[in-house]
1. Which value, in Å², gives the accessible area per residue of the chain when a 1.4 Å probe is used on the protein heavy atoms?
2. Would you mind getting me the FRET efficiency between ASN153 and ALA450? Use the beta-carbon distance for r and R0 = 51 Å, nearest 0.05.
3. Could you rank the peptides 301-307, 542-548, 333-339, 248-254 by their average count of other C-beta atoms within 10 Å per residue, with the highest value first?
4. Once you place label points 7 Å from the Cα toward the Cβ at THR255 and PHE55, how far apart are they in nm?
5. Can you give me the % of accessible surface on the chain that is carbon or sulfur? Probe 1.4 Å, all protein chains present, nothing else counted.
6. Calculate, for GLU424 and GLU526, the FRET efficiency according to 1/(1 + (r/R0)^6) with r their C-beta to C-beta distance and R0 60 Å; round to the nearest 0.05.
7. Check cross-link reach from LYS311 to the lysines: straight Cα distance under 29 Å, and skip same-chain residues fewer than eight apart.
8. Once phi is turned into θ = phi - 60°, what whole-Hz ³J(HN,Hα) does the Karplus curve with 6.51, -1.76 and 1.60 give for every residue of the stretch 94-102, x standing for Gly and Pro?
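The values are calculated or read from the model by the stated rules, or taken from the named source; none is laboratory data. This structure is a prediction, so every number in the text was calculated from the model and none was measured. Counting neighbours? That spans all protein chains shown, and the Cβs are built from the backbone with ideal geometry, glycine included. For the accessible areas, the whole protein counts, side chains as well, though only heavy atoms, and no ligand, DNA or RNA atoms are used. Shrake-Rupley method; radii C 1.70, N 1.55, O 1.52, S 1.80 Å.
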Amino acid sequence: MEQIPGLSSLASAYQGHMAEKRKFQAIKGTRDLLPPETELWNRVEQTAREVFGTFGFGEIRLPIIENIDLFARSIGSETDIVGKEMFSFEEYGFTALDTFRRNIITLNLVGPEPRFGFFNPQLHVDRFLEALSFSVQKGEIAKTPEVLSALENVTELRDHLTAELQKEKPDREEVRVYWSAIQQRAKNVHLGDQICLRPEATASVCRAYIQQNMQALAQPVKLYYMGPMFRRERPQKGRYRQFYQIGAEVLEAITPNTDATKTIGKDAAVDAEVIEMVMAYFARLGLEGVQLDINSIGHSAPDCRRGYVEKLKAALEKVKDKLGADSQRRIETNPLRVLDSKLESEQEIIAGLPRIGDHLCADCAKHYAEVKRQLELRGVAYRENWRLVRGLDYYMRTTFEITARGLGSQNAVCGGGRYDGLVELLGGAPTKGIGFAIGEDRVILSLQEARKEVASGEWLVASGKSACDVYVAWMGKTAEATAIRAARDLRAAGFRVELPPVEQKFGKALGQADKLGARYALILGEDEVASGEWTVKTLADGTQGKVRGEGLVAYLRRNLSEREVKQ
Ligand code: AMP
């Protein structure tokens with residue numbers, strides 16, 4: 001055969017390409033959730049809707065992206081979540097400017113192969129500067145110090161670079177220094193808002209409460225939400241980078257000039273009802289080994305939490321040498337967090353530290369006592385845990401955490417508390433708030449642990465549902481139309497129906513029905529169509545009977561118990 005020039009090299013290039021063919025993987029810390037497991041997710045979510053609905057909560061659907069400042073302000077920029085776990089990016093509409101900037105940032109001017117012999121880097125810089133000053137003039141971009149310094153310094157650096165490149169033998173090191181200085185300044189220009197994937201939703205609910213003027217509605221406003229949250233944590237069992245929370249918040253505008261002392265009883269009842277609601281929800285789900293821990297962290301005042309934190313700090317200073325590096329650091333940054341420590345060697349020391357319960361002001365002590373009384377009235381069992389704290393100023397009084405069985409070290413399934421200062425901190429009017437967030441992934445894991453068959457993919461059977469109620473086994477042209485109509489009528493009546501897209505031999509069809517776990521096979525051949533008497537086979541025991549077409553729905557309804565049929 002005649003050799004085609006260049007073909008073999010083309011072929012090897014293609015093979016090289018195939019070898020490189022990339023197998024895409026889900027991003028680290030994210031997962032695909034598949035059927036039938038998603039049935040369990042749906043049940044967990046549906047039960048939340050039902051239970052929360054009975055307590056008068058309505059659903060709020062929030063954006064997944066928010067301005068990063070919302071979380072920096074609410075969760076605190078010094079926390080791990082905001083400091084290092086946020087997925088963030090810049091949002092703007094300056095496509096050309098961004099392209100010019102990207103050209104600069106990605107251009108490796110002095111790599112192993114210097115490219116400046118045939119390439120004009122000044123051109124990129126000029127375009128960038130031109131577009132930037134144009135946008136600043138038009139007021140599209142704020143005149144921030146970074147922008148102004150970029151405009152001034154980059155021009156200057158560009159001149160140095162041009163002079164160097166015009167030399168007969170440019171000094172590579174000089175070029176590198178100028179170029180990376182230009183790159184750095186271009187990078188520092190903020191073209192728009194810093195946006196992030198939400199790491200939690202309480203701040204978003206408060207943002208929405210303010211933005212949507214919900215203080216004008218009947219108070220309190222009771223909202224629940226569910227959906228994915230994002231934190232760049234180290235993934236492990238029960239801890240993901242995309243995880244799901246189901247949460248609820250009660251927000252209530254504070255009427256001016258009300259005596260705060262008078263509303264303590266009411267607030268305590270609201271707290272207790274919120275806790276009662278989560279516990280009722282977990283009970284309905286059948287979550288096992290549920291343990292509720294509660295505490296009061298008082299409020300941020302010298303005669304309450306702030307005074308306590310001073311005492312705690314002093315006590316920690318005395319034992320500083322015996323503490324680990326993390327706790328030592330926290331004495332300064334956030335002493336309350338020392339109480340969170342799981343370090344074995346610190347437990348005895350922590351047990352001897354001052355307790356917040358002994359340092360609450362009269363109002364906070366009264367509130368806490370009332371919460372406990374209210375929980376008892378509602379038959380909600382709790383354990384007091386003085387080490388349960390939240391290190392943020394706007395959290396106050398009630399905090400709680402719920403753990404469940406089967407989760408190893410990541411066993412917290414719900415965290416919550418009162419945050420009366422948060423809405424105000426975010427720019428709203430004084431507003432009370434209490435809420436919680438449930439880790440849905442962990443709830444599911446715990447349910448699966450408790451019922452191993454769920455984990456092995458038999459949830460549908462375990463929950464009394466099968467993936468398929470009726471498999472329509474049809475053969476022959478005349479049967480096709482009948483099969484399509486039968487499938488339509490059965491589906492309209494709420495049955496799960498599998499209709500093969502092409503005819504199958506009956507043996508194969510029954511095998512397929514078995515694989516799908518179908519309960520019945522509806523057999524439609526030429527004979528059945530002609531006689532109007534259809535064959536229904538019960539797959540569990542192999543029995544079969546004849547049913548007239550128009551009586552099929554009623555027949556199956558009689559035979560499948562109600563809970564087996566998805567209405
Ligand atoms: P937080 O918003 O940190 O108070 O967390 C509330 C609940 O969300 C926790 O009790 C966990 O159940 C769950 N949770 C928090 N972070 C993660 C994560 N990275 N992966 C899975 N669940 C999480």
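1. On the way: 29830 Å² over 567 residues.
Value for the chain: 53 Å² per residue.
2. Details: r = 62 Å, r/R0 = 1.22.
Calculated transfer efficiency: 0.25.
3. Details: 301-307: 16.6, 542-548: 12.0, 333-339: 19.1, 248-254: 22.7.
Ranked from most to least packed, the peptides come out as 248-254, 333-339, 301-307, 542-548.
4. Calculated label separation equals 2.5 nm.
5. Details: 15210 of 29830 Å².
C and S fraction of accessible area: 51 percent.
6. Numbers: r = 76 Å, r/R0 = 1.27.
FRET efficiency, GLU424 to GLU526: 0.20.
7. Within the straight-line cut-off, LYS311 pairs with LYS320, LYS322, LYS342, LYS366, LYS372, LYS432.
8. 8, 5, 5, 4, 5, 5, 4, 5, 4
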